[in-house]
There are 2 protein chains.
Amino acid sequence: MEWISHSRILIVGLGLIGGSYAKALKRLGYHVTAIEKRQSAIDFALENHIIDDGYTEVDREIVSSADAVIFGLYPQVFKEWIAQYQEYFKEGAMITDVTGVKSCIVYDIQNMLRDDVEFIASHPMAGKEVYGVENADDAIFRSANFIIVPTEKNTAEAIRWIGGLGRILGFSRISVLSPEEHDEMIGYLSQLTHCIAVSLMTCSDNEHLVDYTGDSFRDLTRIANINDLMWSELFMLNREPLLKYMNIFLSEFESIRDMIRDGRVEELRAKMRLSTKRRAYFNK
Amino acid sequence: MEWISHSRILIVGLGLIGGSYAKALKRLGYHVTAIEKRQSAIDFALENHIIDDGYTEVDREIVSSADAVIFGLYPQVFKEWIAQYQEYFKEGAMITDVTGVKSCIVYDIQNMLRDDVEFIASHPMAGKEVYGVENADDAIFRSANFIIVPTEKNTAEAIRWIGGLGRILGFSRISVLSPEEHDEMIGYLSQLTHCIAVSLMTCSDNEHLVDYTGDSFRDLTRIANINDLMWSELFMLNREPLLKYMNIFLSEFESIRDMIRDGRVEELRAKMRLSTKRRAYFNK
């Protein structure tokens, strides 16, 4: 485990995911420092032993003492941070992120980054519909997927290092995808599903639905409780794959609607059997 | 609790819901008989003390000894059963069902039914993606909704009686809707969600999705594991409300797609905030 050597971790952005990383890493014995604008988040994290120390301002000494830096920032803020403060990084530092879109940030950051520091992108496929370190919970990583998103610029050492992070955080599956493959996958699996949930929730203004609903509507709209600032940014940064999958879904949905409208029951049943068969991969 | 007087319950159709009713009612001390074509289901229910006795054939003596009869059959089969065997019912018997569509059966059954027997429709909004009495589980009724669906033909006594059933089964909310209101609601909350889940699951043939997915896709496709025989029948019997809501959802989804395509971020964020606000009714 090459992770033993990286004893000082800096987490920039102590939100739900950054905070959950901090919680897990501190418990594993790493020294965890946080930089987070919100003083109350730092206070909470200190009181609850989620971090060893925390600061609201970026400082050369804090950044340069970290062997590894994990960014829990929104994509554009992340890029601006690197542009502004990368000179502070320790020589040989490893950098990763938790960002939900990749093509639009990975190349830009690798291109601007100092040669003696390596950025290896990764995406923890875990979350909750609540925000902030106050809701940090490293149990969300168990049975979740961790995606490593290297480019040709990344070294084998960095890929091993980030795989080690996924393992010690407790993720159950660790996969490797290119930035383009990642963004396609996320357009379908995550962003399309959020668009569906929002559409389903906003297409009726009946306030009494909760009195009649079963689990299915509840499940499909759990993520309709959505952080509009973060998700609108993620959607805009991944517009092309997302629109592609929105259109594929639309045409599939319309074809099922037409089967129902025209009473083509056998075709409808065949679709349902295909759906059941494909969903079975998720039960293994 | 007028339910004390109805000590002998007959359940026709011992599937997941019929079986879960049986389990709860027997535990509460009622005498529970089942009629179910599948001998193995009867055997399982007897061995596991879910019923007191069970039969694979309909018999006058069995039916006529029941004070209340609960039908766990598919809609068309349910209508045929009533047409064929209603002469067996005990005078004054109360009858209910668990069927997912109402307008297309409630009036037909009430019109054909003997005057000395009352059919009061109800819909337990609970289920699992598994079938049969072998998976019976009366815990699914806790925190679930129970909908009573009376017509003008129903007596106050029957409405009280069926409310009592909902309460003793442990449902957390009991509501009353007309057959037409029920079918509208179900078209939106249950059938539309199943159409969405099937479309989402069938619009990609990638078998490796499970390696990359987060909870959102998993949640939205849980019900993509679907009983094609039952659901295609339910869709066809409720075609008009379902198509109405499919089209409302389509136009909402398209309008969100257009906002993303055109970069109308403020409108998109407003939709997300509306979605979050509406979803909040479900958290109370």
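General observations
- Single residue of B:228, B:205 found to be more than 21 Å from residue A:205 (Cα to Cα) and under 25 Å from the mean Cα position of the chain (by Cα): B:228
- Note on segment A:180-263: enclosed helices (runs of 4 or more DSSP H) holding 1 or more residues that are at the interface with another protein chain (Cβ under 8 Å from one of its Cβ atoms), among the hydrophobic types (A, V, I, L, M, F, W, C) and more than 17 Å from residue B:259 (Cβ to Cβ) are A:215-221, A:239-261.
- Among residues of segment B:160-179, those that are touching a strand residue (DSSP E or B) at 6+ places or on another chain (Cβ under 9 Å), part of a helix (DSSP H, G or I) and of a type outside the set (A, V, I, L, M), counted: 5
- From the options B:47, B:80, residue that is under 30 Å from residue B:240 (Cα atoms) and without any contact (Cβ under 8 Å) to a residue 24 or more places away in the chain: B:80
- Considering (1) farther than 14 Å from residue B:119 by Cβ; (2) in contact with a Pro (Cβ under 6 Å, 6 or more places away or on another chain), the lone condition that residue B:80 does not fulfil carries the number (2).
- Residues of segment A:43-88 that turn out to be within 29 Å of residue A:235 (Cα to Cα) and of a type in the set (A, V, I, L, M), as a count: 8
- Pick from segment B:30-68, criterion under 24 Å from the mean Cα position of the chain (by Cα) and small (Gly, Ala, Ser), ranking: surrounded by the fewest Cβ atoms within 10 Å (Cβ to Cβ): B:40
- Here residue B:190 fulfils each of the conditions (1) in contact with a Gly (Cβ under 8 Å, 6 or more places away or on another chain); (2) closer than 29 Å to residue A:193 by Cα; (3) surrounded by fewer than 22 Cβ atoms within 10 Å (Cβ to Cβ) apart from (3).
- Single residue of segment A:164-179 satisfying the filter (surrounded by 19 or more Cβ atoms within 10 Å (Cβ to Cβ) and of a type in the set (A, V, I, L, M, F, W, C)) that is nearest to the other protein chains (Cβ to nearest Cβ): A:177
- Hey, residue B:242 touching a Cys at 6+ places or on another chain (Cβ under 6 Å) and not aromatic (Phe, Trp, Tyr) or not: no
Each value in this text was obtained by applying a stated rule to the coordinates, not by laboratory testing. Everything numeric in this text was worked out from a predicted model, so none of it was measured. Cβ: placed from backbone, ideal geometry, glycine included. Neighbour counts: every protein chain shown.
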